[in-house]
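Each remark here refers to the structure printed beneath this line.
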Amino acid sequence: MTSKPLTELDDFAAALPAAGALLGLDIGDKTIGLAVSDGTRLIASPVDTIRRGKWQNDLRQLLDLIADRSVVGLVAGLPRNMDGSEGPRAQATRQIARNILKAIDLPFLLWDERLSTQAVERAMLEADLSRAKRGEKVDQLAAAYILQGVLDALKQRGPSAGG
């Protein structure tokens, strides 16, 4: 395994066992949205939002969820600029990924998340969810959106994906 997050889907797929849940993270300044896949990696479901505080507390919540859900790999959205470059938020996400990998040895993919939050917010507006409901769900739904993108890409790779 590597202590460095991966950025290529093929490398991530090769590092994964054939089955097992994946955890999606939407890492923000104030929250971390969380989503988990089923063991067969077909569907991503939003599960929780960590309100960021002291890093050790945030990490403990994350590690507890990983253990409870038998997670075998992690996916975090990498917030690139529209031109593909990386700004301060992308660098912060990379640092958090490295910090997580210091605590747990699992394959970790950084996945381009451009427009994921906007897509989720648009869908919630179309569903006529109240502002309060949108605020409380947007991070975990963004994590599910990011994770579903990876699950779909893994499926497109064919039967050798993840094993």
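Read-outs: derived from the displayed coordinates by stated rules, not from any lab. Computed from a predicted model, the values in this text were never measured in an experiment. In this analysis, Cβ positions are derived from the backbone assuming ideal geometry, glycine residues included, and neighbour counts consider all displayed protein chains.
Things worth noting here:
- Environment charge at ALA143 (Cβ cut-off 11 Å; Lys +1, Arg +1, Asp -1, Glu -1): -3
- Sequence-distant residues sharing a close amide H with ARG69 (under 5 Å, placed H): none
- Using the average count of surrounding beta-carbon atoms within 10 Å as a protection proxy, the listed peptides 16-25, 3-12 rank, highest first, as 16-25, 3-12.
- Reach of LYS137 by Cα under 19 Å, taken over lysines that are not fewer than 8 positions away in the same chain: LYS30
- Potential lengthening between GLN95 and GLU8 on full extension [0.36 nm per residue; Cα-Cα distance subtracted]: 29.6 nm
- Amide N proximity, the stretch 1-39 versus ASP48 label position 7 Å along Cα-to-Cβ, cut-off under 12 Å: 32-36
- Counting Lys and Arg as +1 and Asp and Glu as -1 over every other residue whose Cβ lies under 10 Å from the Cβ of ALA76, the net charge comes to -1.
- Amide H to amide H distances under 5 Å link GLY28 with GLY33, where only residues 5 or more positions off or on other chains count and H is placed in the peptide plane.
- Within-11-Å neighbourhood charge of LEU154 [Cβ basis; K, R +1; D, E -1]: +1
- Karplus 3J(HN,Hα) series, Hz, for the stretch 79-96 with 6.51 cos²θ - 1.76 cosθ + 1.60 (x for Gly, Pro): x, 7, 6, 4, 7, x, 6, 10, x, x, 5, 5, 5, 5, 5, 4, 5, 5
- In sequence order, calculated HN-Hα J values of the stretch 60-66 (Karplus, 6.51, -1.76, 1.60; Hz; x Gly/Pro): 4, 4, 5, 5, 4, 5, 4
- Residue-span extension gain [ALA153 to ALA18] - 0.36 nm each, minus C-alpha spacing: 47.1 nm
- Proximity of backbone amide H atoms, modeled 1.01 Å from N, is registered between LEU6 and PHE108, LEU109, LEU110 at under 5 Å, excluding neighbours fewer than 5 places apart on the same chain.
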